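Written out below as structure tokens is the structure these notes cover.
The values are calculated or read from the model by the stated rules, or taken from the named source; none is laboratory data. For clarity, every value in this text was computed on a predicted model and none was experimentally measured. Every residue, glycine among them, receives a Cβ derived from its backbone with ideal geometry; neighbour counts consider all protein chains shown. We work out accessible area using only protein heavy atoms, side chains counted, and drop any ligands, DNA or RNA first. Shrake-Rupley method; radii C 1.70, N 1.55, O 1.52, S 1.80 Å.
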Amino acid sequence: MPIPFQKQHFSNRFHSLGKEFYTKQAPTPLEKPELVHINPTVAQLLDQNAEQLNNPQFKAFINGQELPAQCQPIASIYAGHQFGHFVPQLGDGRALLLGEIKNSHHEYWEMQLKGSGITPYSRQGDGRAVLCSTIREYLCSEAMHALGIPTTRALAMLNSEEEVHREQLETGASLLRLSPSFIRFGNFELFASRGQVQQVKQLADFVIKHYYPDSLTNNKQLNPYAHFFSQVVKKTARLLAHWQAIGFAHGVMNTDNMSILGLTIDYGPFAFIDHYEHNFICNHSDYQGRYSLQNQASIGHWNLARLAEALLSLISIDEAHTALADYEVHYSQHYLLLMREKLGFYHSNADEQALEDQEKLIFSLLSLMENNQVDYTVFFRKLSNSNTGSTLESLFLNKNDFYSWNKHYTQALFKDSRATNDTIKEEELRLKKMKKVNPKYILRNYMLEIAIQKAQQGDYSEINTLFKLIQSPYEEHFNQEHYAGLPPDWAKHISISCSS
Ligand code: AMP
Ligand code: MG
């Protein structure tokens with residue numbers, strides 16, 4: 001069996017940036033590796049078949065033991081604002097870029113190994129990732145993709161018998177993840193903070209050439225760098241709107257965890273919310289709630305402002321301000337669109353007053369959900385099952401709160417449907433559409449905890465089960481109802497004990 005990935009499809013475009021941007025670094029293989037899972041959909045992205053990849057050569061490949069000759073692993077250097085404070089030098093402390101594959105659709109996918117040992121940027125770290133955090137990233141990145149939220153992907157996951165010291169003894173694991181690019185805001189911040197404007201330009205030229213080619217020919221005839229920045233602003237705003245609408249809290253929105261492509265990257269103490277809570281904080285080290293659910297959108301803007309500062313040798317202050325000013329509008333438009341869809345308002349020809357009423361309904365619902373501790377995912381899914389609202393009142397502590405909101409909601413729906421001469425058939429269609437945006441299954445932290453505990457005992461069955469559910473979260477999945485209900489009592493205030 002040959003080592004996977006053909007030579008002619010392999011490239012290392014990031015290498016062309018030069019040695020200021022990275023250090024060559026060989027992986028340190030894990031002891032006694034075991035393949036835990038291979039993602040068939042992601043395998044297809046590389047024109048591979050997951051079953052055929054399930055072999056010792058692939059295991060040796062993703063453990064960094066047997067790399068193809070054309071593969072020259074590197075760790076990239078970046079900086080970043082962590083919890084609001086600038087850290088002048090960070091980098092891939094436990095990740096290595098193996099190179100990229102050009103698939104049969106002419107798409108480039110960079111491959112990054114996470115947990116592959118010490119690099120020059122490991123600082124005090126051991127260069128390892130532990131099993132629990134690896135399972136969390138593996139499953140959550142797949143869940144996000146299936147929910148239609150831009151994200152890095154994960155091809156496969158390894159466990160091992162290597163001991164890794166965290167708060168307690170854990171086993172080392174690793175992940176092979178894919179993205180068109182792993183470049184972060186922090187890559188730009190590093191060079192800008194050192195006054196290396198030539199490198200800032202080189203990096204921007206590289207990103208524009210490969211990922212934002214429209215910026216070179218943009219019809220607004222903007223400075224290409226200003227156009228590029230405005231596109232990053234838009235992508236980031238949309239990403240944040242997506243997170244908010246699905247109820248996802250990232251937990252560590254440092255600028256070194258912000259993708260230049262607007263993808264969800266670096267899954268740490270993330271959580272999908274259970275009952276709705278504006279001030280939900282999923283990261284227990286986030287004492288001030290900097291990255292709470294309600295702060296995420298404005299932190300997205302703050303992070304973009306740090307990126308703008310890093311680009312000031314290429315764009316003017318006015319250009320930076322103009323692009324940043326679009327963030328709020330773009331975020332709100334996208335968020336409201338997603339929330340309207342969740343509530344079943346689909347008619348784009350709704351008048352101003354109707355749109356205003358719908359907006360009020362969205363925000364009053366969120367407050368009611370918070371006061372009544374209503375589960376976010378369960379509520380919207382139930383709403384997509386019935387047009388009467390009768391099954392929903394049980395979710396509210398104060399039923400009158402719900403009745404009064406529902407009265408206005410029903411009126412707004414009526415208005416929305418009258419806009420196009422609604423029929424009963426159209427009502428059915430509306431519920432059908434709602435089911436495509438309101439997931440039945442969400443990867444709650446308690447589910448991950450169970451899968452992790454089993455995996456720590458060598459039983460990977462729960463990972464397989466969850467994987468299937470989250471790959472099609474909008475489907476019914478016969479006989480799996482217990483994964484679609486409220487979290488069990490023991491999980492109400494679950495604290496993520498998982499180390500990274
Ligand atoms: P994170 O908050 O996980 O994105 O990590 C912040 C920085 O710390 C990144 O530069 C990581 O590469 C680095 N890092 C995190 N954990 C480790 C580890 N166990 N060993 C080495 N570097 C690490
Ligand atoms: Mg990170």
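Using C-alpha pairs under 8 Å with a sequence gap of at least 6, the mean separation divided by the residue count of the chain gives a relative contact order of 14 percent. Couplings 3J(HN,Hα) of the range 190-203, computed from phi: 4, 6, 4, 5, 8, x, 8, 5, 5, 6, 4, 5, 4, 5 Hz, in residue order, whole Hz [Karplus 6.51 cos²θ - 1.76 cosθ + 1.60, θ = phi - 60°; x for Gly and Pro]. A cysteine counts as unpartnered when no other cysteine's C-beta lies under 4.7 Å of its own; in the chain this applies to C71, C140, C282. On full extension, the segment bounded by D318 and T23 gains 102.6 nm, given 0.36 nm per residue less the C-alpha separation. Residues whose amide H falls under 5 Å from that of T264, counting only those 5 or more places apart or on a different chain, are T151, T152, with hydrogens built in the peptide plane. Candidates F21, L190, L222 compared by Cα position along the dipole of the chain: farthest toward the positive end lies L222, with charges placed on Cβ.
Think of each Lys and Arg Cβ as +1 and each Asp and Glu Cβ as -1; about the Cα centre, that makes the dipole of the range 186-340 roughly 280 debye.
For the range 10-182, the relative contact order is 26 percent, taking Cα pairs closer than 8 Å that sit 6 or more residues apart in sequence and dividing their mean separation by the residue count. Simple point charges give the picture: +1 on the Cβ of Lys and Arg, -1 on the Cβ of Asp and Glu, and for the chain a dipole about the Cα centre of about 660 debye. Converting phi to 3J(HN,Hα) with the Karplus coefficients 6.51, -1.76 and 1.60 and the offset θ = phi - 60°, the range 263-273 yields 9, 6, 9, 6, 6, x, x, 3, 7, 8, 5 Hz in sequence order, with x at every glycine or proline. Across the range 186-340, Cα pairs under 8 Å and at least six residues apart give a relative contact order of 31 percent.
Over the C-alpha atoms of the chain, the Rg to Rh ratio, Rh being the Kirkwood estimate, stands at 0.97. What aspartates and glutamates could a cross-link reach from K220, if we take a straight Cα to Cα line under 20 Å and drop same-chain neighbours fewer than 8 places away? Straight-line reach from K220, under 20 Å: D205, D318, E319, D326.
Angle, helix 376-385 long axis vs. longest principal axis of the chain, Cα atoms, 0 to 90°, nearest 10? Computed tilt is about 50 degrees. Let me know the shape class of the range 18-70, please: from the alpha-carbon gyration tensor, a ≥ b ≥ c as square roots of the eigenvalues, rounded when a/c is under 1.5, otherwise prolate if a/b is greater than b/c, or oblate. Oblate. All Cα-Cα distances of the range 290-383, cut into 10 Å bins from zero to the largest, leave 13, 34, 29, 18, 6, 0 percent in each bin in turn. Remark: the chain carries 43 Å² of accessible area per residue (probe radius 1.4 Å; ligands, DNA and RNA excluded).
Kindly identify the range 230-269 as rounded, prolate or oblate by the Cα gyration tensor criterion: order the square roots of the eigenvalues as a ≥ b ≥ c, call it rounded if a/c is under 1.5, otherwise compare a/b with b/c, prolate if a/b is larger, else oblate. Judged from the Cα gyration tensor, the range 230-269 comes out oblate (a/c at least 1.5, b/c at or above a/b). Taking the helices alone, the chain has a mean residue ellipticity at 222 nm of -13500 deg cm²/dmol, built from -39,500 (n - 2.57) per DSSP H run of at least 4 residues and averaged over all its residues. Restricting the chymotrypsin sites (Phe, Trp or Tyr not before Pro) of the range 277-382 to loop positions (DSSP other than H, G, I, E, B) with no more than 13 neighbouring Cβ atoms within 10 Å leaves Y287. A simple count of charges around E476, restricted to other residues whose Cβ falls under 10 Å of its Cβ and scoring Lys, Arg +1 and Asp, Glu -1, yields 0. In terms of the Cα gyration tensor, with a ≥ b ≥ c the square roots of its eigenvalues, is the range 186-340 rounded because a/c is under 1.5, prolate because a/b exceeds b/c, or oblate? Prolate, because a/c is 1.5 or more and a/b exceeds b/c. Expressed as a whole percent, the accessible area of the chain that falls on carbon and sulfur atoms is 50 (1.4 Å probe). Within the chain, the longest run free of exposed loop sites, counting trypsin sites (Lys or Arg not before Pro) that sit outside DSSP helix and strand states (H, G, I, E, B) and have at most 15 other Cβ atoms within 10 Å, spans 221-435.
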